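Asker: The structure's right below; bear with me while I get my questions together.
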Amino acid sequence: IRLGNVKHNTQSSAADSDALREIVVHEGIQLVYEINEHRDVEHKGQHINQYRFICKRMSNLTLTIILTGIGRAQHRIEIILQEEGARATIFGATALSGSAHQTIELVQEHQAPNTISNSLFLSGLTEQAVLKYEGKINIFK
């Protein structure tokens, strides 16, 4: 198994808003991907981050999501286990404060037999901060 590591750090900027980042994890690859976002300023609009991970045969994705700060953002993350033997593990942690308002929408889609996905999210909120988490698992037959 070959290992790939990718780290994606963002600061408060609307430059990438609404852009879909699609990452394909090819056969036999183990990918460790980190989304680390800190928002230290308030925006009037909502920033949207969209990620789609497509896991091929016998691939292994480990995704870590770290969100901190005071801003507003929406995060849509799709994990598509497209071929047999694909695996995904998702860890998430948030530390939000002030008037932060963030949404995480996680979709785990099992399109092939013998695929495995796990997810765990931990959150710490202070003051008026709000975190909305929506998780969905689709299993295709």
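Asker: Restricting to the stretch 80-90, name every residue that is farther than 13 Å from Ile104 by Cα and β-branched (Val, Ile, Thr).
Answerer: Ile80, Thr89, listed by residue number.
Asker: Would you check which residues across the stretch 90-141 are loosely packed, with under 12 Cβ neighbours inside 10 Å, charged (D, E, K, R) and assigned to a strand (DSSP E or B) and list them?
Answerer: Answer for the stretch 90-141, where residues must be loosely packed, with under 12 Cβ neighbours inside 10 Å, charged (D, E, K, R) and assigned to a strand (DSSP E or B): Lys132, Glu134, Lys136.
Asker: Of all the residues that make up the stretch 44-74, how many are under 15 Å from the mean Cα position of the chain (by Cα), open to solvent by less than 10 Å² (accessible area, probe 1.4 Å) and not hydrophobic (A, V, I, L, M, F, W, C)?
Answerer: Counting residues in the stretch 44-74 that are under 15 Å from the mean Cα position of the chain (by Cα), open to solvent by less than 10 Å² (accessible area, probe 1.4 Å) and not hydrophobic (A, V, I, L, M, F, W, C) gives 2.
The values are calculated or read from the model by the stated rules, or taken from the named source; none is laboratory data. The model shown is predicted, which means the values in this text are computed figures rather than measured ones. Cβ atoms come from the backbone with ideal geometry, glycine included; neighbour counts cover every protein chain shown. Only protein heavy atoms, including side chains, enter the accessible area calculation; ligands, DNA and RNA are left aside. Shrake-Rupley method; radii C 1.70, N 1.55, O 1.52, S 1.80 Å.
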